[in-house]
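Participant: Structure incoming, see below.
Derivation of every value follows stated rules applied to the coordinates shown; laboratory data play no part. Owing to the predicted nature of the structure, the values given are computational and were not obtained by experimental measurement. Methodologically, a virtual Cβ is constructed for each residue, glycine included, from the backbone with ideal geometry; neighbour enumeration extends over all protein chains shown.
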């Protein structure tokens, strides 16, 4: 009688098992060899110290000669990515305002010129070994008319998630900056989940950043309802307290004539910051989520010595808790780098990244 080959005896049940797996609608992570993505706490440590960039740069309006060249209107230059890395920053949060570059009659397809700039920014950031956050920054339009802009919002993530589905893990998606006003906490939970579902179709394990309503405020973390079974999420909060100090002289914040406000680093002032951060940390511990301080800063018209004291304390307090952070912002206002004179605002840079 012919003996059965031992190898066949082993292969046959394995083959049957594989066929059964393929016949069942298993989660993507199983079919992908148990790929679960990078742990979000590891990702958060890699984000480390970052800076917000090019949200209001004319580069978005002037890609005709190619964004890697010295365009007529662009302020941010390709070499700035390496300069940011060499200064000690680990990542950039790219602020995106895509709505003006879409048209309803084409299902809100983004213009080729807009993609050209974004592809250039992501490529140069990655080549400079920087983490990249694609931050959907249309909080104004979404806050003013969430229902009217919902389709456009979801169309954006459908396109971006498809385009960057093969990008490295160093590229993170932030669903929406500072949901607020008419985009209530209840609506935001719904919109966020719909956008996340779209992202997960093509990016099942990419790290996604999501923050609470009311401008990503710490006080509204309790209203944020994240899907419990999705652990590839970093939670973001923003911090500009006390506003009379951080936004003094800012006309858009109703403080045009309010200047000369100091932050002296008194025990009371420090305790206020630590108390706010402790609330966020308690929430993070309860829900087992890492925290990214996605925005903070002090407007340029505040006294420089107070700005430095405040920024040193806020960053140290955040890092003590294991948070990552991104300063607002490289250029435009709250500036970290003086593009007109091609030089760092050294007191601000050194407050954020202490010199060795």
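Participant: So how do 114-125, 246-257 stack up, highest first, on mean other-Cβ count within 10 Å?
Facilitator: Working: 114-125: 19.3, 246-257: 15.6.
The densest-packed peptide leads the list: 114-125, 246-257.
Participant: Report the calculated FRET efficiency for residue 355 and residue 268 (r = Cβ-Cβ distance, R0 = 35 Å), to the nearest 0.05.
Facilitator: Numbers: r = 29 Å, r/R0 = 0.83.
Efficiency at R0 = 35 Å is approximately 0.75.
Participant: Which of 138, 269, 228 has the fewest other C-beta atoms within 10 Å, and how do the rest follow up to the most? Let's see the in-between values first.
Facilitator: On the way: 138 20, 269 17, 228 8.
Ascending number of Cβ neighbours within 10 Å: 228, 269, 138.
Participant: Further, regarding this structure: Tell me, 334, 139 in order of fewest to most beta-carbon neighbours within 10 Å? It would help to have the intermediate numbers written out before the result.
Facilitator: On the way: 334 24, 139 19.
Ordered from fewest to most neighbouring Cβ atoms within 10 Å, 334, 139 come out as 139, 334.
Participant: Taking a ≥ b ≥ c as the square roots of the Cα gyration tensor eigenvalues, with a/c under 1.5 meaning rounded and otherwise prolate when a/b beats b/c, else oblate, which class fits the stretch 184-310? Could the numbers behind the result be given before it?
Facilitator: Numbers: a/c = 2.68, a/b = 1.99, b/c = 1.35.
Cα axes put the stretch 184-310 in the prolate bin.
Participant: In whole Å, what are the Cα extents of the chain along the three principal axes, biggest one first?
Facilitator: Extents along the principal axes, in whole Å: 98, 50, 46.
Participant: By how many nm would the segment from residue 104 to residue 186 grow when fully extended, if each residue of separation counts as 0.36 nm and the alpha-carbon distance is taken off? Don't jump to the answer; show the numbers that get you there.
Facilitator: Values: separation 82, 0.36 × 82 = 29.52 nm, distance 2.65 nm.
So the chain would gain 26.9 nm between residue 104 and residue 186.
Participant: Residues in the stretch 81-95 near a label at residue 127, defined as backbone nitrogen under 11 Å from the 7 Å Cα→Cβ point?
Facilitator: 81-82
Participant: Need one word for the stretch 89-222: rounded, prolate or oblate. Basis is the Cα gyration tensor (sqrt eigenvalues a ≥ b ≥ c); a/c below 1.5 gives rounded, then a/b vs b/c decides. Working shown, then result.
Facilitator: Working: a/c = 1.68, a/b = 1.24, b/c = 1.35.
Because a/c hits 1.5 or more and a/b fails to exceed b/c, the stretch 89-222 counts as oblate.
Participant: Which of 192, 142, 187 comes first, and how do the rest follow, when ranked by fewest Cβ neighbours within 10 Å?
Facilitator: On the way: 192 23, 142 28, 187 16.
Listing 192, 142, 187 from fewest to most nearby Cβ atoms yields 187, 192, 142.
Participant: Then there is this: Calculate the FRET efficiency for residue 194 and residue 241 from the Cβ-Cβ distance with a Förster distance of 35 Å, rounded to the nearest 0.05.
Facilitator: On the way: r = 31 Å, r/R0 = 0.89.
Efficiency for this residue pair is about 0.65.
Participant: For the stretch 304-345, just say rounded, prolate or oblate: build the C-alpha gyration tensor, square-root its eigenvalues into a ≥ b ≥ c, call rounded for a/c under 1.5, and beyond that prolate if a/b exceeds b/c, oblate if not.
Facilitator: It comes out prolate by the Cα gyration axes.
Participant: Would you mind telling me the antiparallel percentage of the DSSP bridges in the chain, rounded to 5? List each step's numbers first, then the result.
Facilitator: Working: 4 of 33 bridges.
Just about 10 percent of them are antiparallel.
Participant: For the stretch 237-347, calculate the relative contact order in percent as a whole number, restricting contacts to Cα pairs under 8 Å that are 6 or more residues apart.
Facilitator: Answer for the stretch 237-347 is 28 percent.
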